[in-house]
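Right, one structure below, let's go through it.
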Amino acid sequence: MSSRALRQPLSLRLTSNIFLAFWCLVAIFPIFWITVMSFKSPVDAFDSNALNVIFGPTTLSNGNGLSLLDIILGIAVIWGTIALVFKKMPAMIRAYSREGLEWFGWVIGILAAAVGFLVVFFVILPAILNVLNPLLGPLGRDILGLTTEHYKTVWIDRGFSNNFKNSLIVTSGVVILSLSVGTLAGYGLARSGSNLAFWLLIVALIFRALPPSALVASYLPVFISSSEWLAPILGENAPTLYGKPFAVIAVLVAINQPFTIWMLRSFFQNIPAELDEAARVDGCNHFQAFRRVIMPVMWPGVITTGLFSFLLAYNDILVTSLLLDAQNQTMVPAIVGMFNRETTTTDQVVAVAAAVSITAPLIFLVLIFQRQIVSGLTAGAVKG
Amino acid sequence: MNFRTFAAFVGPSVFMMLLFIAFPLISVFKQSFYVTQPIYETVEKETCTPGFLTQTCVTETVSQPRLDEEGKVITQTQYVGWESYRNVLEPERAWRAISDGNWNVLSTINFWKALRFTLTFTLITLPLVIVCGLGIAVMINNAAHAIRGPVIFISLLPFIITPVIGVLSVNWLFRGDGILTALLEWWLNRDIALFAQAWTIEVLMMLYRVWHVAPFAAIVFYAGLQTVNQDSLESAVIDGATRWQRMKYIVIPHLMPLIIFVSMIHLMDSYRVFEEIVGFASQGYVISLQWLTYDFLVPDQAGNRSISRASASAMLTMIGIAILLIFPLRRTWRDHKGGH
Amino acid sequence: MKLKTILMAGAMSIAATGAWADCAFENDVPLKSLSAGFEAWKAVTDAMAECGNFSASLDQEFREKQPEAFAADPALYQIGGVSNATLVPLLNAGTVRPLDDLVEKYGQDLLPNQLIKVDGKTMAIAMMVNAQHLMYRDDVLAELDIEEPKSYDDVLAAAAKIKEAGVMDYPIGGTFKTGWNLGQEFVNMYLGEGGAFFGDGNMPAINNEQGVAALETLKAMTDYMDPEYLVSDSTYVQQQFQQGKIAMANLWASRAAAMNDEAESQVVGKVTMAAAPMGSAVPATTIWWDGIVLASNMSDEEADAAFRVALEGMDTDMVSANNDVAVWLSPAYSAGDLAAGAAASAEGGAKAYPASGPMGIMHTSLGNGLADYLTGAKDAPTTLADIEADYITAAKEAGLISN
């Protein structure tokens, strides 16, 4: 609040900020904790003494650790990367990419930053530290137990990259299809005052309220036997829908439609109807008006809605665990499988490492789109 | 917009919802009034299973479904009316418990036990989510511009994290000698077992849900706060309104549509509470309606499942949500009519 | 982690997918398997994959998928992993293939013990057995001069002594997690007491003296267990053992190896495997087996290949490489100390798990209904009566009890 009249007394600001700091601690703690656990040996990870979990004495005695120097340089590299991405990169991207192709610049920029970070952090830095650590005496002695072996197990031995690829396919499919179907419907609903539109929305809302487990179970037999009942229509080529990513994408899009059309409808309602009416006076039909006038201004709302679709698809377990088989399984059911398997404590920590791995992309996503989410919501993507 | 254009715009979306939601829904509705079962016959059967060194063979009479010529199981479908609903609701037992005034017995009947928890969970977390969300939003709005970005980022983490993993990580923090339980024990200097009685598990589940959903509410409210009319705030200050009065008469009414939106989403989601039950393995103490449906639906190790009861329970869950949603929806109807 | 190791490992994993070096033949028929996901299945399916053209689904939803996938024509998976309980729905639906011809052709190395026969026809090949049996900390018990517990009275007496001596607050561990685990505990106890689950026409018959005795033993044990017992599954009990928090538990034989795992256990060499404690009749445990079946909806050529691949999965190389993962049924298996508990229980007369359609429902009803007794919400006869009522409702809906 910029106005002088609205300025708050110091005590109030202080309390407010203290509470905010407390909230941030609460918000981040569980995630921070599983991250710490994932780097420790099984004995340390499930220790009931918090300090043992953080410092990892057993991990350290197994010969996996970091020295003070490792930590300082590691943090420096991470900090440098963040600073580069947030401070320098926007300017560079604006400078080098052509008008309208900025998103492409961002993709290239972030890929470059990620690759650069991996190379520096995992190749150059260890090489330098291998030389420096023995030279520095106490500074170079390992003090913090830390091991990356669980990540190695997850990604290399367990073939988690395959699950990652499958998640990528399903999630991007859902986001793209969900938004293209949803924007059309949202626009139609926003511009129609008919009772039909209202009842459609209500029915959609009831659909959203359905307990999904009841629906999903009824898909399985139909999907498994689809090559039999589709044969009269499609003949020889009738596909078995079970285990096919496109079938799962369709299901997830449908389940997500109610929320998507509600969000987008409210967003389109906030775009003045005069805009497209003016276009229609100029001789456009509804579709042309939509393409020429609405599409250019709808992106904030679409990005916000897209993020929700992304979360739904990425985090889904009910549909994906039931309708996909192991070869095209996505990440979340794979992880839950790891936990539920008859496991050793080591397996549990490996599963924790997998859990942290799937959280990382979500964090990147929020980093990139954070501003758009807020502006999308501000622009009225949510309005009762 | 005429009907044909409208239909063209909403067509694809409606088609997908019909195909993947409405049709299964109709079949769920139908199944709740029918029972489909194989026809069993009793046969003598000798089964040999491995012991350690030798086989043990037993001959026993077992029930085995009859197969047709093609080797498929013959099933028969029967109309059973409201019986599946009766089996879920167990009205006689419930009524007896109520007329005896014996609430403990009522709370051991699955459906009523689940309904009790689901309603408590929904109605307690709702105000908490709204208040926490609003509080966080206002505090972020109060903070210096430089730290807003990072704070919003951190606030969003609990919301975006995969729910299954969020539940598990909270589970580890508290279960057994999890470090937060250990911390509590050290602080209160007594032995604590948070997963050993119903109420602590319920509190944990509610706290988890608030932790998970409050960021969503906060970010929506924060967006709403950006559009509060500064002029009316300033004139309120000139009129001598206190901070609290400004909040109450200007900010909250401005945010009202958003509060209703968040409430609606939250009502729907928390009435379907499920991940918490599985993640905290709480079914020994508390169960929810969606868990009940799920439990009917999952086949046991011998492949039996109670589809009819699951369908009945799903329909009952849906009716419950519909009733809860009537209040917020009346407003949408007025807006819809007023907006055009 | 160095970039070079990542690249190397990546290259190796690509090379590994094409390898069939350790397999006796090169498989050229595309095959898929669906099974549960525990460690033994991982070992077996990895060995099958050495033959090439094979992909395994170790799926936690396999119970739900297997009957449907085997009923499809052609079957979506040629090889299925089952246990004595999960074989029931496949047998009922008639979707598994009799294996006698294939056993005759390729099964020279199988033990007669491995052939699961139903009405004289071989329907499945068992690869391992599993049972819950007593594991105890011999150092703790020896220090307090406690003999190896033979019955549940012994176990409770030992627990009381350990608690009194202040060695441990909660000496007993138990897989009492509500649901399947808790149901299994009751099944063990009830069969140990000599009870029978069903009367005529699949009617339940657990509300009797043996049932009450089984419940009372379970309840008596909970006094010496961590109060969070209703959420503790096998992995948790195993972890408690490894961290030295408990002294006795009736735990699965397949968990025995974890006690001596240097990387995570603090009680290496201190845990003894003994027979499951006696009930009034037989040891209070049930014997399970796991094995493979072939789907009936596939060509003979596929069945031929599938059977050979499946046998490769259980060959001597696999068993000797994973000796301690399970109690294997194989000539190559050397039963060490870790298998002693399971073997002793079997010798004592422990029964096989009485798998059947009605038993599936009963197990679920037990698993969901017992918690009310343990938490004190109901007394024993009411609990058993309510479980019977729940069973009857479900069994009627399934058509197992005529109205």
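Each value in this text was obtained by applying a stated rule to the coordinates, not by laboratory testing. It should be emphasised that the depicted structure is a prediction, and the values quoted were computed from it without experimental measurement. Note that we place each Cβ from the backbone using ideal geometry, even for glycine, and neighbour counts take in every protein chain shown.
In peptide A:44-57, what is the residue-averaged number of other protein chain Cβ atoms found within 10 Å of each Cβ? Kindly include the intermediate steps, with their values, before the conclusion.
Working: counts 0, 2, 9, 4, 10, 3, 6, 1, 1, 1, 1, 0, 0, 0.
Mean partner shielding for this stretch: 3.
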What nm value, rounded to one decimal, do you get for the distance between B:PHE153 and B:TYR34 when each label is placed 7 Å out toward the C-beta?
5.6
Under 15 Å from the 7 Å Cα→Cβ point of B:PHE23, by amide nitrogen: which residues of region A:232-253?
A:232-234, A:239-242, A:247-248, A:250-252
Here FRET efficiency (C-beta to C-beta, A:ALA113 to A:MET295, R₀ 41 Å, nearest 0.05) is 0.85
Take the Cα atoms of chain A, find their three principal axes, and give me the spread along each one in whole Å, biggest first.
79, 69, 44
What distance in nm lies between label points placed 7 Å from Cα along the C-beta direction at A:THR81 and B:GLU41?
6.8
For helix B:145-160, what angle does its Cα long axis make with the longest principal axis of chain B, in degrees from 0 to 90 and rounded to 10?
10
Length-normalised contact order of chain C in % [C-alpha pairs under 8 Å, at least 6 apart]:
24
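Sorting A:THR344, B:THR54 on the 10 Å Cβ count, fewest up front, what's the list? Walk me through the intermediate numbers first.
Details: A:THR344 22, B:THR54 11.
With the sparsest Cβ surroundings first, the list reads B:THR54, A:THR344.
Set the Förster radius R0 to 51 Å, insert the Cβ-Cβ distance between B:GLN78 and C:ALA196 as r into 1/(1 + (r/R0)^6), and round the FRET efficiency to 0.05.
Working: r = 31 Å, r/R0 = 0.60.
According to the calculation, E is roughly 0.95.
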Any cysteines in the protein assembly as shown with zero other Cys Cβ atoms under 4.7 Å from their Cβ? List them, or say none.
A:CYS24, A:CYS284, B:CYS132
So which DSSP H runs in chain A come out at 24 Å plus along the axis (Cα) with average Kyte-Doolittle of at least -1.0?
A:10-38, A:102-119, A:160-191, A:245-269, A:345-376
Need the C-alpha centroid separation for region B:217-251 versus region A:13-54, integer Å.
35
For region A:162-229 versus region A:290-305, the gap between their alpha-carbon centres in whole angstrom:
20
Please report Rg over Rh for the protein assembly as shown, where both radii come from the alpha carbon positions and Rh follows the Kirkwood definition.
0.96
Calculate the spin-label point distance for A:ILE202 paired with A:TRP106, positioning each point 7 Å from the Cα along the beta-carbon direction, and give it in nanometres.
3.9
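Using packing as a proxy for protection, rank B:105-114, A:366-375 so that the peptide with the highest average count of other Cβ atoms within 10 Å comes first.
Details: B:105-114: 19.8, A:366-375: 17.0.
Descending packing order for the listed peptides: B:105-114, A:366-375.
Take chain C, mark every one of the GluC sites (Glu not before Pro) that falls in a DSSP loop and has at most 15 other Cβ within 10 Å, then report the longest stretch left between them, sites excluded. Spell out each step's value before the answer.
Working: sites that count: C:GLU26, C:GLU147, C:GLU262.
Free of exposed loop sites, the longest segment is C:263-403.
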In region B:56-96, which chymotrypsin sites (Phe, Trp or Tyr not before Pro) fall in coil by DSSP and have 13 or fewer other Cβ atoms within 10 Å?
B:TRP82
From the cross-link list C:LYS42/C:LYS378; A:LYS165/C:LYS32; B:LYS30/C:LYS219, which pairs have alpha carbons spaced over 32 Å apart?
C:LYS42/C:LYS378; B:LYS30/C:LYS219
Helix C:300-313 sits at what angle to the longest principal axis of chain C, using alpha carbons and giving 0 to 90 degrees rounded to 10?
50
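Applying 1/(1 + (r/R0)^6) with R0 = 30 Å to the Cβ-Cβ distance of C:GLU148 and C:ALA389, what FRET efficiency is obtained, to the nearest 0.05?
0.15
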